[in-house]
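In what follows, a single structure is set out as structure tokens and then discussed.
The values are calculated or read from the model by the stated rules, or taken from the named source; none is laboratory data. The structure presented is a predicted model; accordingly, all values stated were derived computationally and were not measured. Counting neighbours? That spans all protein chains shown, and the Cβs are built from the backbone with ideal geometry, glycine included.
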Amino acid sequence: MTVAKPLANGFPIGAVLLKEKVAAAISYGDHGTTYGGQPFVTQAAITVFDKIRKPGFLAEVSKKGENFKQVLRTKLSGNPHVKEVRGIGLIIGIELDVPATPLVNACLDAGVMVLTAGKGNVVRLVPPLIISEKELEYAADVIRDCLPALDVSAS
């Protein structure tokens, strides 16, 4: 299995995970990567691992994700374009009945970066794991305030 970006919190790094049988069949230098071994990025990866291994950190991420989903459901309820808020941890999707691009652009203009996912009708939220509850509340307010962008595109 190959893994990359999250290892160093977005800095360019890559790694490959192998079963023992496969690892025994290759030697040093048989596998390379453009994003392997740079000292700064490797230190960033070590820092990420140290943070994630702290007791309770990932449980706190899960808690923040559940709270954020509930805040989004509350703040976005009543908008006819919002069909579902779903996700795991802090990887969250807001499914719409119209293309998400106008909302994504409005949020970006308002200072909150979100993406599209799926068939283009899902707003994808992937905030940093260390984000505060206050920042999540702010993001939910911005998304709510940008929802009228969907009405313009739907007409």
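Here are some notes:
- Any hit, segment 144-153, residues being over 29 Å from Ala8 (Cα atoms), at pLDDT below 95 and polar (S, T, N, Q): yes
- Of the residues making up segment 54-65, those that are in a helix (DSSP H, G or I), loosely packed, with under 14 Cβ neighbours inside 10 Å and among the charged types (D, E, K, R) are Glu60, Lys63.
- Applying a threshold of 9 Å to beta carbon distances and a minimum spacing of six or more residues, or different chains, the list of pairs starting in segment 129-152 at a residue that is assigned by TED's automatic domain parsing to the domain that holds Ala110 and ending at one that is part of a helix (DSSP H, G or I) and among the hydroxyl-bearing types (Ser, Thr, Tyr) reads Ala140/Thr74.
- Residues (touching a residue at least 40 places away in the same chain (Cβ under 8 Å) and either outside any loop (DSSP other than H, G, I, E, B) or in contact with a Leu (Cβ under 7 Å, 6 or more places away or on another chain) (or both)) located in segment 1-34: Pro6, Leu7, Ala8
- Any hit, segment 77-95, residues being part of a helix (DSSP H, G or I), assigned by TED's automatic domain parsing to the domain that holds Cys146 and surrounded by 14 or more Cβ atoms within 10 Å (Cβ to Cβ): no
- Of all residues in segment 96-112, those satisfying the criterion of being assigned to a loop (DSSP other than H, G, I, E, B) and either under 18 Å from Val71 (Cβ atoms) or out of contact with any strand residue (DSSP E or B) (no Cβ under 9 Å at 6 or more places or on another chain) (or both) are Val98, Ala110, Gly111, Val112.
- Pair list, Cβ under 6 Å, 6 or more apart: segment 96-114 residue closer than 18 Å to Pro128 by Cβ, other residue part of a loop (DSSP other than H, G, I, E, B): Cys107/Val114
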